[in-house]
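Worksheet for the structure shown next.
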Amino acid sequence: MLRSDRVLAGAFLAIFAALAASPAVAFDEAPATLAVDRLVGQRMADFTLPDLLSQRDYRLYGFAGKPGAVLVFLGTECPVGDLYLPRLVELNKEYGPKGIVFLGINSNAGDSAESIAAHAREFHVDFPILKDRDNVVADSALAERTPEVLVLDGMARIRYRGAIDDQYVVGSRKPAPERNYLREALDAVVAKGPIEVAATEVAGCLIQKAEPKAAQKANVSRVRAPSAEIRSAREAIEGKVEEVGQVTYASAAVIIQEKCQSCHRPKQVAPFSLLGYDDARKHSAMIREVVDVRRMPPWHADPRHGSFSNDRSLSAKERATLLAWIDQGAPLGDPKDVPAPKTFPEGWSIGEPDVVFEIPETYTVPAQGVLEYVRFRVPTNFTEDVWIRGGEAMPGDRSVVHHILMYVDDHKKERRLGLGGSHLCGYAPGDMPSVFPPGTAKKIPAGSDLIFELHYTPNGRVRQDRSKLGLSFAKEPVVREAFTLPIVNPRFVIPPGEPAVPVSSSMTLPKEVRLLSFMPHMHVRGKDFSYTITKPGGEPEVALSVPAYDFGWQSYYTLKEPTILPKGTKIDCLAHFDNSADNPSNPDPTKAVRWGDQTFEEMMIGYIDVDVPVGDSLDRRTFREEPRPGGGLLQALLGRGPRAKTPEAKPTP
């Protein structure tokens, strides 16, 4: 039996006597303010937790096929939670037969497994009570109090979060609830209808959380040094440089401006600024180290294959000049000889954009947990077709934005070629802005929406992000339309412990195109990547080789001279993956690895940018790729997974 009515009544009176005197006795003050509707519309990340009643594990996604679920955060010593437990048991009996799954979650660091189980039995709880050790699930859900509830639909999207009803609020109570928020939300989920109230404040006890674990990072430099093979190849090509003599900052500054400042300036990816002499002198020892081993500026292409317009590597003379300046004590010289400072648009690499779009709302990133991709739909409100010469996705908080992919949805049944309809541009650590040669641009049809696809990686602290997209319009007549094509292989298994597992993909072109650039993509087990092009009747030719692929710095490789690829040209991509313990970035060398969105999983995509004459469209169905992804995976690749809510968002001119 439950506690006697007398005991419950006494506890009830004690709570509200305390409330009358000091609300903080029963309801703790809120921590840093979070939006009431935080994460509503987003998909709850999967988790597996132990049930302390049945002693079995429960996985959230193991309830696939159910119409919905209720996650209720509970504690053993929260009087408000105790008052609601009988009501939750009743709701479980009512909605369980309708397919709704109830899961209690205890994230309190001070509640032992024994006390949690005893508490649940005392109240005759008939649904699983899961122990959330280290409050990982509570943090990923941004749950703050007990008894907060989250209502999920059949796709695990959060449809409602907040209070069970409105009977208890800070400082007062009602004889009976006037609004039964949880019941209303469940009725809507079962009926597959809209929810009138999607979020409410919770009156209850703060969850006693353990300090979140900081994100684990490999003990390696963010930017990988080129392989010994590449260093030797560069030295053989460049030859020996004669002595450069006395060097002052005037000579060093020209190189730093051209090769370093695009990243080493405020609000960019580099950890410190190099905009002036004092900055360069202060960091001269570090500059010498990374220039000496060719780790900086980052450039990972084999110099024996291809010629690229955005090659940021130092020439032999530039390298010798910088090293000599530092070895000579980094002298300033005559300040009048120092070149004028280079100017940069605030935060942008493509220049000042003509139009800027933001995600519709600030997104709160939990302190920990594995997060599903987040997608926002933003209307362009373009009333006519627009041609885009350059595009750049910019994270609002680089510490938690792993990458951004931008797509265009023109609302046509037959989507244009590319991932998620028409691939526009993206962001990842490295060099990701898209800028096309004169006369070439990407088309955004009138009335299209932009799809922001964001991958967030928690870093141990709650962070907030408001990422944006900058677009530059074509100023000259557009004669060629650009497309981004993925040459992809999702069907692979990388065995544990293996240091060089090959995975290949290929594409045969159905018509003539002009090749503009490459962008290989893998995750942390990626070792090397190459593109080989075979024209009809010709010999295979390596177009790009990246012998030391660097997940920490992913580059576009833009051809210095675009090249025509005739119909029937075959493009082969070959990647190798290092799943051994010798890979310092490997999260777990004991596990087999397959395709997946998360960094601890893998991808194998060889992106290419091509263009064709305006009006000569490309059709996905005419491209032959081997192997091709299966139907379900293809949907994921096309960006057609769950989307965030889509409030109106307007561009910033």
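Per the conditions (1) under 25 Å from G552 (Cβ atoms); (2) touching a residue at least 40 places away in the same chain (Cβ under 8 Å), the sole criterion not satisfied by I287 is (2). When you look at R145, is it touching a Ser or Thr at 6+ places or on another chain (Cβ under 9 Å) and on the phi < 0 side of the Ramachandran plot, yes or no? So R145 does not fit the description; no. Applying the set (1) within 24 Å of the chain's Cα centre (by Cα); (2) buried (at least 21 other Cβ atoms within 10 Å of the Cβ) to L509 leaves exactly one unmet item: (1). Quick check on my filter: what residues within the range 564-583 are buried (at least 18 other Cβ atoms within 10 Å of the Cβ) and not charged (D, E, K, R)? Scanning the range 564-583 gives L565, T569, I571, C573, L574, A575, H576, F577, N579, N583. Out of the residues in the range 281-293 that are out of contact with any helix residue (DSSP H, G or I) (no Cβ under 6 Å at 6 or more places or on another chain) and open to solvent by less than 30 Å² (accessible area, probe 1.4 Å), which is modelled with the lowest pLDDT? Checking each candidate, the answer is V290. Considering D302, D311, the condition of being under 24 Å from Y549 (Cβ atoms) and open to solvent by less than 40 Å² (accessible area, probe 1.4 Å) is satisfied by D302 alone.
Among the residues of the range 519-529, some residue qualifies, meaning at least one is buried (at least 17 other Cβ atoms within 10 Å of the Cβ) and without any contact (Cβ under 8 Å) to a residue 60 or more places away in the chain. Would you mind telling me which numbered condition in (1) under 25 Å from H403 (Cα atoms); (2) modelled with pLDDT of 90 or more; (3) part of a loop (DSSP other than H, G, I, E, B) S585 fails? Looking at each condition in turn, S585 falls short on (2).
Taking the residues in the range 147-169 that are assigned to a loop (DSSP other than H, G, I, E, B) and small (G, A, S) as candidates, determine which candidate is surrounded by the most Cβ atoms within 10 Å (Cβ to Cβ). The extreme case among them is A163. Just one residue in the set A233, A270, A225, A316 is of a type in the set (G, A, S), surrounded by 14 or more Cβ atoms within 10 Å (Cβ to Cβ), closer than 27 Å to I533 by Cβ and modelled with pLDDT under 90; that residue is A233.
Looking across the range 243-259, the residues that are open to solvent by 50 Å² or more (accessible area, probe 1.4 Å), touching a residue at least 12 places away in the same chain (Cβ under 8 Å) and in a helix (DSSP H, G or I) come down to S251, V254.
Among the residues in the range 388-409, are any assigned to a strand (DSSP E or B) and open to solvent by 60 Å² or more (accessible area, probe 1.4 Å)? So far as the range 388-409 goes, yes, one or more of its residues are assigned to a strand (DSSP E or B) and open to solvent by 60 Å² or more (accessible area, probe 1.4 Å).
Residue count for the range 327-353 under the criterion of being on the phi < 0 side of the Ramachandran plot, of a type in the set (A, V, I, L, M) and either in contact with a His (Cβ under 7 Å, 6 or more places away or on another chain) or at pLDDT 90 or above (or both): the result is 3.
On the basis of being open to solvent by 20 Å² or more (accessible area, probe 1.4 Å) and modelled with pLDDT under 90, does D619 make the cut? Judged against the criteria, D619 is a match. Listed by position, the strands (runs of 3 or more DSSP E) enclosed by the range 514-580 that each have at least 3 residues that are of a type in the set (S, T, Y) are 526-534, 557-565. Can you name the residue in the range 587-606 that is open to solvent by less than 20 Å² (accessible area, probe 1.4 Å) and not aliphatic (A, V, I, L, M) and is also nearest to V546 (Cα to Cα) among such residues? By that ranking, first place goes to G606. Once the range 67-90 is narrowed to residues that are in contact with a Ser or Thr (Cβ under 6 Å, 6 or more places away or on another chain) and assigned to a loop (DSSP other than H, G, I, E, B), the residue that is most open to solvent (accessible area, probe 1.4 Å) is T76. Go through S309, S315 for me and flag whichever is more than 26 Å from L471 (Cα to Cα) and of a type outside the set (A, V, I, L, M). Going through S309, S315 in turn, the sole match is S315. In the set L142, L130, only one residue is assigned to a loop (DSSP other than H, G, I, E, B) and either closer than 23 Å to D166 by Cα or at pLDDT 95 or above (or both); that residue is L142. Test F376 against the stated conditions and say whether it is in contact (Cβ under 8 Å) with a residue 24 or more places away in the chain, in a loop (DSSP other than H, G, I, E, B) and open to solvent by less than 50 Å² (accessible area, probe 1.4 Å). So F376 does not fit the description; no.
Residues in the range 527-559 that are polar (S, T, N, Q) and under 20 Å from N579 (Cβ atoms): S530, Q554. Exactly one residue among K93, K98 is over 36 Å from the mean Cα position of the chain (by Cα) and surrounded by fewer than 24 Cβ atoms within 10 Å (Cβ to Cβ), and that residue is K93.
Summed over the range 324-351, residues that are within 30 Å of F529 (Cβ to Cβ) and open to solvent by less than 60 Å² (accessible area, probe 1.4 Å) total 4.
Per-residue answers, yes or no, for (1) open to solvent by 50 Å² or more (accessible area, probe 1.4 Å); (2) part of a strand (DSSP E or B); (3) modelled with pLDDT of 95 or more:
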residue	(1), (2), (3)
G447	no, no, no
G460	no, no, no
E476	yes, no, no
A482	no, yes, no
P490	no, no, no
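The values are calculated or read from the model by the stated rules, or taken from the named source; none is laboratory data. What you see is a predicted model, and the numbers here were worked out from it, not measured in a lab. Every residue, glycine as well, gets a Cβ built from its backbone with ideal geometry; the counts of neighbours run over all protein chains shown. Ligands, DNA and RNA are stripped out before the accessible areas are found, and what is left, the full protein with its side chains, is counted by its heavy atoms. Shrake-Rupley method; radii C 1.70, N 1.55, O 1.52, S 1.80 Å.
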